[in-house]
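Novice: Submitted below is the structure of interest, expressed as structure tokens.
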């Protein structure tokens with residue numbers, strides 16, 4: 001019963017709106033002597049520390065013709081740094097049992113770091129080396145290039161990835177959000193050490209840096225560590241964000257023909273920014289329509305009543321400079337038309353009538369009650385704190401958020417449905433051999 | 001960049017998911033209700049939430065021949081309602097309690113869970129206890145849900161050549177044992193499953209004495225005991241569970257190969273699975289030695305396969321080895337690699353065979369074993385950060401017949417593994433006749 005994973009393809013998660021009983025998490029704002037700020041939740045229950053950080057500017061800041069540069073960088077920071085060549089760094093990292101990974105999305109470059117308390121200082125020293133003194137040596141670079149070439153080729157033929165990229169290209173034509181964030185075989189083949197150096201310099205600035213830390217560490221130790229790990233980075237401006245996105249109006253249908261038993265279908269259009277004053281009502285609307293798996297209107301009709309799909313979900317994707325609304329599902333090729341007609345019918349019904357009082361109440365109870373579930377591990381709390389910082393919601397957001405959800409009315413949900421759901425103007429992307437569309 | 005993607009969604013023929021847990025300093029309580037239902041409590045007071053799981057000692061390997069996919073199909077049907085909570089009510093009640101819920105089926109178990117605020121545990125137990133005995137299924141519900149499961153199979157397997165290959169490799173590896181059939185079932189058999197099949201399955205496998213309750217989170221053992229007795233304690237057993245006897249796998253005699261060519265595959269890949277012992281099936285230390293062997297041979301950037309094939313010879317983009325040891329009757333030891341720099345799958349296979357021959361003949365060095373043991377044990381500490389993962393590991397371990405002490409003692413056993421143990425485990429397991437080799441190649445355009 002595990003649900004559809006297509007949303008993950010966007011490598012972007014809208015800020016899960018969570019709350020917890022206010023007392024459960026105490027956030028300290030820690031400012032280092034050198035002026036670097038981080039949010040800290042101190043908890044000494046288990047001998048682990050989790051840190052997440054983000055630099056402003058992700059794949060959209062890759063120069064024309066260098067698409068995939070930021071993504072290539074995610075694979076090169078642990079391949080030799082400071083006085084360590086690649087094998088030495090890797091052996092040290094494994095010996096310390098530290099977890100270190102980097103990722104990029106359209107708007108930022110993120111790092112995910114976890115360590116056992118007993119290896120704390122040595123692990124942070126290794127992190128510092130990776131962030132501030134990566135080598136980009138030729139031997140590991142060629143090896144990593146081979147790895148990215150395999151993944152770029154696989155992605156180019158993976159139906160789920162193809163469907164979501166095709167949809168993004170429709171929603172953001174000519175815009176950096178519409179590009180392939182991982183580059184092409186040609187751009188990966190052509191990437192040079194200088195390209196990686198330039199990308200590293202462009203992205204890794206203290207001005208664009210946000211940090212969250214959770215676990216077995218106190219504020220004084222963190223303050224020292226912040227300067228030690230991040231202090232050597234330049235204080236330059238991060239890359240300028242892309243222009244504000246205007247999503248074209250549909251209807252538009254693109255089908256990539258592929259010989260497989262199911263069609264993968266993405267549909268949607270413009271959404272809204274996280275800073276939009278109506279984001280929360282729109283989020284509640286989405287929850288009732290197609291959020292959260294079983295029980296939503298779309299899941300009830302397309303999966304539970306008709307048995308046409310294993311899962312159907314919708315979501316808001318609030319990028320920094322443009323909002324998107326989209327949904328996705330897979331269905332037998334010969335049922336594609338029938339399933340899509342049902343989807344459109346449900347979008348129309350929500351826009352026309354809004355939710356029932358009962359539906360709204362259920363969504364509010366669920367969203368406020370499930371709030372605490374996002375805060376039950378160090379790693380999850382660190383992710384939440386970083387997201388709240390990225391969206392600039394304020395250090396008290398966790399305590400305010402449930403009241404915002406509680407205040408949403410039927411009229412507000414209906415208004416957002418009318419604003420976002422246009423069944424006759426959808427951008428639809430399909431991979432498969434669909435019939436009846 | 002190392003080990004960023006597991007080549008074939010973990011190992012090609014991984015039949016169950018679990019690494020046996022080791023509990024570190026977790027204060028696990030366990031007891032039985034009067035009706036035989038086993039209860040495990042894992043306190044974690046960091047957040048006011050709980051994970052509530054009910055595991056049944058039945059999985060795909062317990063299905064009758066010809067009914068593949070029934071355990072998983074039935075798991076879907078468990079959400080379809082009882083007289084007290086008609087269809088949709090289960091989900092609605094979980095949601096208004098602010099909970100998330102789901103379920104999963106493996107070869108050896110089926111599990112249902114909710115994650116919810118700690119003060120809503122009682123309500124979740126009431127729902128789970130109700131559907132353990134009072135499920136009602138109409139033909140219409142069964143027919144619709146069968147279509148959902150068929151779509152699930154199309155989405156997760158038929159659309160993906162590497163998953164199709166993995167399924168074929170399992171089928172080839174097991175000559176007689178039911179681990180050879182896919183958990184989701186063969187299309188031809190799932191499409192013929194009936195409501196009567198589901199009801200028969202329910203009556204044969206779902207009863208308190210065949211279930212394990214696991215509660216992790218912001219609870220005390222006393223509170224869980226009180227609530228469990230209230231909700232599950234008065235359920236009467238409808239049958240007495242008997243030993244789970246599956247068709248034994250005969251001693252393998254011939255190496256097998258599965259070659260798949262698919263126009264949807266973008267890049268070639270190589271994988272191999274060896275029939276191996278599991279934690280449950282092996283009374284000695286061979287299973288733990290295989291965990292160390294997997295780490296020495298193919299653990300991340302420090303494994304021999306990565307160092308030799310990827311870093312030194314530059315014929316592979318990725319190379320690794322996997323062993324979980326979590327099956328009830330047996331398990332698999334898997335190696336996999338993807339070529340780089342236009343190397344052929346034959347080149348990869350030769351290089352992998354050379355490494356396997358080397359470690360089987362000479363064993364690992366004492367230093368390799370010491371570092372591998374430390375990496376395995378340290379990595380397990382991270383389990384402490386996830387109450388869901390802790391609950392899953394204990395539930396899965398108990399469901400395949402391990403004791404709480406055996407689950408908690410796993411890392412102590414890992415710490416005792418020697419280089420000789422690893423060498424002996426490699427010699428016993430990495431034999432051609434115990435293996436199936438799988439290759440996936442893109443269909444060329446011309």
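The values are calculated or read from the model by the stated rules, or taken from the named source; none is laboratory data. Everything numeric in this text was worked out from a predicted model, so none of it was measured. Here the Cβ is made from the backbone with ideal geometry for all residues, glycine too, and neighbour counts use every protein chain on show.
Novice: Among the residues of segment B:354-366, write down those that are touching a helix residue (DSSP H, G or I) at 6+ places or on another chain (Cβ under 9 Å) and either under 15 Å from residue B:439 (Cα atoms) or in a helix (DSSP H, G or I) (or both).
Specialist: Hits for segment B:354-366 are B:354, B:355, B:356, B:358, B:359, B:360, B:361, B:362, B:366.
Novice: Which one of B:214, B:184, B:190 is within 14 Å of chain A (Cβ to nearest Cβ) and either closer than 26 Å to residue B:397 by Cα or touching a strand residue (DSSP E or B) at 6+ places or on another chain (Cβ under 9 Å) (or both)?
Specialist: Just a single option satisfies the conditions, and that option is B:184.
Novice: Output the residues belonging to segment B:301-339 that are buried (at least 24 other Cβ atoms within 10 Å of the Cβ), over 22 Å from residue B:288 (Cα atoms) and in contact with a helix residue (DSSP H, G or I) (Cβ under 6 Å, 6 or more places away or on another chain).
Specialist: B:309, B:316, B:317, B:337, B:338
Novice: Just wondering, is there one or more residues in segment B:408-423 that are farther than 30 Å from residue B:100 by Cα, within 22 Å of the chain's Cα centre (by Cα) and part of a strand (DSSP E or B)?
Specialist: No, segment B:408-423 contains no residue that is farther than 30 Å from residue B:100 by Cα, within 22 Å of the chain's Cα centre (by Cα) and part of a strand (DSSP E or B).
This table checks each residue for (1) over 25 Å from the mean Cα position of the chain (by Cα); (2) under 30 Å from residue A:220 (Cα atoms).
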position: A:113; (1), (2): no, yes
position: A:119; (1), (2): yes, yes
position: A:128; (1), (2): no, yes
position: A:132; (1), (2): no, yes
position: A:142; (1), (2): yes, no
position: A:147; (1), (2): no, no
position: A:163; (1), (2): no, no
position: A:167; (1), (2): no, no
position: A:177; (1), (2): no, no
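Condition check ((1) more than 9 Å from every other protein chain (Cβ to nearest Cβ); (2) in a loop (DSSP other than H, G, I, E, B); (3) more than 18 Å from the chain's Cα centre (by Cα); (4) under 26 Å from residue A:182 (Cα atoms)) across all residues:
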residue	(1), (2), (3), (4)
A:60	yes, no, no, yes
A:64	yes, yes, yes, yes
A:67	yes, yes, yes, yes
A:71	yes, no, no, yes
A:78	no, yes, yes, yes
A:87	no, no, yes, yes
A:91	no, no, yes, no
A:101	no, no, no, yes
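Novice: Something else: Do any helices (runs of 4 or more DSSP H) entirely within segment B:67-160 hold 1 or more residues that are away from every other protein chain (no Cβ under 11 Å), and if so, which?
Specialist: By residue number, B:70-77, B:121-133, B:139-153.
Novice: Further, regarding this structure: Listed residues B:264, B:256, B:272; which is surrounded by 15 or more Cβ atoms within 10 Å (Cβ to Cβ), over 23 Å from the mean Cα position of the chain (by Cα), modelled with pLDDT of 95 or more and more than 30 Å from residue B:133 (Cα to Cα)?
Specialist: B:256
Novice: Now, a different point. Which one is farthest from the other protein chains (Cβ to nearest Cβ), of the residues in segment A:256-280 that are buried (at least 24 other Cβ atoms within 10 Å of the Cβ) and in contact with a helix residue (DSSP H, G or I) (Cβ under 6 Å, 6 or more places away or on another chain)?
Specialist: Once the filter is applied, the top-ranked residue is A:266.
Novice: Picking from B:98, B:59, B:69, which residue would you name as being touching a helix residue (DSSP H, G or I) at 6+ places or on another chain (Cβ under 7 Å) and at pLDDT below 95?
Specialist: B:98
Novice: Looking at B:204, B:166 in this structure, which one is modelled with pLDDT of 95 or more, buried (at least 18 other Cβ atoms within 10 Å of the Cβ), part of a helix (DSSP H, G or I) and more than 10 Å from chain A (Cβ to nearest Cβ)?
Specialist: Within the list B:204, B:166, the selection yields B:166.
Novice: Now a separate question. Cβ-Cβ below 7 Å, separation at least six or inter-chain, first residue in segment B:416-438 and in the same structural domain as residue B:336 (by TED's automatic domain parsing), second assigned to a helix (DSSP H, G or I) and surrounded by fewer than 17 Cβ atoms within 10 Å (Cβ to Cβ): which pairs?
Specialist: Going by the 7 Å Cβ cut-off, the qualifying pairs are B:419/B:366.
Novice: For segment B:260-280, how many residues are more than 14 Å from chain A (Cβ to nearest Cβ), touching a helix residue (DSSP H, G or I) at 6+ places or on another chain (Cβ under 8 Å) and part of a loop (DSSP other than H, G, I, E, B)?
Specialist: Residues that pass the stated criteria total 3.
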